[in-house]
Amino acid sequence: MSYDPPRPSYAPPHSSYEPPHRPYDPPHPAYGPPLPYDPPPPASLTYPWQPPPPQPARPDRRPAREPLGHHSDLRVLRSAYRWQRRTATLTALGYFTLFLVLSASAPGVMTRPVADGIPAGLLLALIQLPVTWLAIALYEHTARRHVDPLADRIRKEAELNARRGAAR
């Protein structure tokens with residue numbers, strides 16, 4: 001029984017010119033497994049000083065029209081919506097947290113009368129309702145001004161792309 005060394009599953013490149021092997025040259029890949037530091041095999045050249053043949057130009061195969069909607073549009077929409085939520089949430093929760101911290105850590109400030117015997121804590125609690133309305137108004141304003149126009153533009157581009165796709 002003879003030992004056959006493993007062979008590559010592809011046919012090794014054959015060139016019309018093989019330079020002579022010097023004693024310090026690594027073995028040719030066809031004669032053994034390639035070493036990790038081996039350079040790639042040379043292209044098929046007739047002479048070593050001859051430049052490689054030019055690569056054929058690849059045809060430009062782009063669609064007639066690229067779709068208008070891109071992932072970046074959705075990223076911008078998500079970012080605008082995220083800022084909208086954060087702004088409105090932090091407005092309402094920030095004021096409520098301030099009220100709770102003052103109630104817990106500064107009871108003297110909260111019990112001090114502000115006007116006609118109304119304590120500051122009661123006045124701050126009553127102001128919480130208008131602050132919540134302000135947060136809602138801020139949410140609607142940023143939606144109308146920033147988020148809704150982006151969503152409308154993306155929706156129109158998607159409809160236009162769908163119509164273009166159906167026309168093909």
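Annotations
- Positions within segment 95-122 being assigned to a helix (DSSP H, G or I) and either open to solvent by less than 70 Å² (accessible area, probe 1.4 Å) or in contact with a Ser or Thr (Cβ under 9 Å, 6 or more places away or on another chain) (or both), in sequence order: 95, 96, 99, 102, 103, 108, 109, 110, 120, 121
- Any hit, segment 143-162, residues being in contact with a helix residue (DSSP H, G or I) (Cβ under 8 Å, 6 or more places away or on another chain) and exposed (fewer than 14 other Cβ atoms within 10 Å of the Cβ): no
- Qualifying residue in segment 80-96 (condition: within 30 Å of residue 164 (Cα to Cα) and modelled with pLDDT of 60 or more): yes
- For segment 111-168, a residue qualifies if it is among the charged types (D, E, K, R) and within 21 Å of residue 97 (Cβ to Cβ), and exactly one does: 112.
- Those residues of segment 70-94 which are open to solvent by 80 Å² or more (accessible area, probe 1.4 Å) and farther than 18 Å from residue 141 by Cα, in sequence order: 70, 71, 75, 93
- The residue that is nearest to the chain's Cα centre (by Cα), among those in segment 137-168 that are among the acidic types (Asp, Glu) and closer than 15 Å to residue 83 by Cα, is 148.
The values are calculated or read from the model by the stated rules, or taken from the named source; none is laboratory data. Model, not experiment: these values are computed from the prediction. As a convention, Cβ positions derive from the backbone with ideal geometry for all residues, glycine included, and neighbour counts pool all protein chains shown. Only protein heavy atoms, including side chains, enter the accessible area calculation; ligands, DNA and RNA are left aside. Shrake-Rupley method; radii C 1.70, N 1.55, O 1.52, S 1.80 Å.
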